[in-house]
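One structure below.
Where a number appears in this text, it was derived from the coordinates with a stated rule and is not lab data. All values derive from a computational prediction rather than experimental measurement. Don't worry about glycine lacking a Cβ; one is built from the backbone with ideal geometry, like all the others, and counts go over all protein chains shown.
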Amino acid sequence: MRGRSPRNGRDIGPDVVRNWRPHSFPPGLWALPFLGNIFTEVDFKAIEKLADIYGNVFSVRLGRNKTVFVSGYKMVKEAIVTQADNFVDRPDNAMADRVYSGDSGGLFMSNGETWKRQRRFALSTLRSFGLGKSTMEQSICEEIRHLQEEIEKEKGEPFNPASLFNNAVSNIICQLVMGRRFDYCDHNFQSMLTYLCEILRLQGSVWGLLYDSFPRVMKHLPGSHNKIFSHYDSLLDFMNKEVESHKKDLDHSDPGDYIDAFIIEMEKHNESDLGFTEANLALCSLDLFLAGSETTSTTLLWALVYLMKYPDIQDKVQVEIDGVIGRSRQPSMADRPNLPYTEAVLHEIQRMGNIVPLNGARMATKHTTLGGYLIPKGTTVMPSLTSVLFDKTEWETPHTFNPGHFLGAEGKFVRREAFLPFSAGTSHLFQYKAYVNVSTFVYPFMLNLQGNECVPGKAWQRWSCSCFWLVYYRSSLSLFLME
Ligand code: HEM
């Protein structure tokens with residue numbers, strides 16, 4: 001259980017004390033005083049190289065904080081499954097401290113009882129409003145129709161589907177959280193998506209890293225890091241207005257969405273009890289967007305890339321879908337067991353897409369031993385999901401797009417333990433929903449993709465020692481569909 005009291009504030013002890021390493025601390029790069037390894041380019045590929053040099057548990061110090069990286073399926077599983085309780089908390093960081101506070105840690109940054117309670121509440125509430133049910137499928141199918149209309153407006157000209165996908169996926173989350181969808185041209189909706197996207201980009205940029213390392217100085221300096229906070233303010237403002245209008249129209253006997261349910265729950269709790277406050281409602285709602293929209297829409301982009309890159313695989317999927325679903329009706333979750341090849345392809349897309357290459361940052365809740373090293377209480381721990389999804393001891397052809405990874409005898413779908421794009425343990429609750437999103441969105445696009453070309457643009461990735469995802473990889477694929 002996440003046991004630390006939430007948002008304790010930053011440790012402002014001297015550098016030498018903060019970064020004291022016990023004798024048996026994991027090895028790693030030599031670090032400059034105060035600056036640590038800030039000048040070393042550390043992205044998820046570099047992390048794999050460091051693992052080759054130092055082993056599966058090693059340390060890097062970016063700015064003020066030392067971080068222990070964990071690599072390879074077996075060691076990651078040891079950390080986040082076997083020793084889940086020892087690494088369940090989220091560490092403090094300067095950016096989060098400025099956005100979240102006290103009992104308002106949202107879904108992502110809260111710890112202890114509050115995290116447990118909020119996580120349980122979010123899952124049961126979203127379930128009751130359709131998560132994993134046929135009502136959800138209906139919303140998704142309706143959204144697909146809007147998406148298709150928008151695509152038809154392009155009249156066969158090349159276009160980049162990234163923002164359309166993001167609109168569609170975010171609208172599904174809007175349905176669950178606010179009980180409504182927005183037109184793609186709605187100004188507030190578009191601003192919200194732009195801010196969400198910018199926040200994720202900036203958190204992973206060098207500005208985010210600098211802010212997190214030197215918050216007291218950076219706070220007073222101009223730079224893009226300031227946009228992170230002004231965007232948060234605008235988003236929270238948007239959410240607060242939504243909460244206000246929900247309060248006005250609330251029917252206690254018939255709550256329609258997550259916000260309604262939260263308001264009703266709030267009335268049962270004391271002020272700030274287990275995070276049931278208005279401030280936390282806005283943050284939790286925002287977290288659902290931050291965690292759910294870019295992740296799912298980027299996965300959809302990867303799906304297009306791989307399906308177009310491998311037309312023979314696309315053909316096989318098409319044949320399977322035509323045989324089971326045909327072209328006259330929408331797909332449904334009930335079709336899944338009858339589509340083993342498609343299922344395998346979707347899993348392989350997620351494995352190769354590897355859109356969250358590390359994990360959410362975790363923290364040792366007590367002195368813990370991992371891989372024979374001592375991880376002192378309070379140390380930030382970062383499991384590398386890339387090292388799991390591409391672990392050569394787990395996957396037959398780790399760097400090749402191969403749906404066979406998920407197919408057993410007679411073409412039956414097989415689950416693989418090292419398939420951890422959502423991380424593992426009890427932390428990720430939304431994988432079912434993400435899966436519904438991905439599969440149901442992808443099916444119609446599988447139809448008639450052939451003959452299209454895709455031009456992947458520049459992908460970027462960075463990592464910051466602070467941000468809520470710690471590492472966020474967004475493949476900003478400039479993918480153009482051409483008929
Ligand atoms: C393909 C899509 C997605 C991927 C690959 C993905 C991946 C992840 C990963 C790796 C984490 C970090 C887990 C950890 O720190 O242990 C996470 C956390 C989280 N995700 Fe997702 N996610 C996806 C979609 C979604 C969706 C659709 C939602 C909700 C609408 C969502 C909500 C969350 C939340 C609330 C957390 C924080 C959980 C916690 O701290 O307890 N995710 N996700």
Counting Lys and Arg as +1 and Asp and Glu as -1 over every other residue whose Cβ sits under 10 Å from the Cβ of Asn402, the net charge comes to -1
Output ordering of 46-56, 78-88 (per-residue mean of other Cβ within 10 Å, highest first) is 78-88, 46-56
Whole-Å distance linking the alpha carbon centroid of region 181-198 with that of region 309-333 is 32 Å
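Pairs Lys153/Lys412; Lys45/Lys316; Lys66/Lys116; Lys116/Lys366: which are spaced more than 30 Å apart, C-alpha to C-alpha? Walk me through the intermediate numbers first.
On the way: Lys153/Lys412 39 Å; Lys45/Lys316 32 Å; Lys66/Lys116 27 Å; Lys116/Lys366 19 Å.
Lys153/Lys412; Lys45/Lys316, as the Cα separations exceed 30 Å there.
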Restricting to aspartates and glutamates and to Cα separations under 15 Å from Lys268, and discarding same-chain partners fewer than 8 apart, the set is Asp260, Glu278
Here, trypsin sites (Lys or Arg not before Pro) of region 218-292 satisfying both criteria (DSSP loop; at most 11 other Cβ within 10 Å) are none
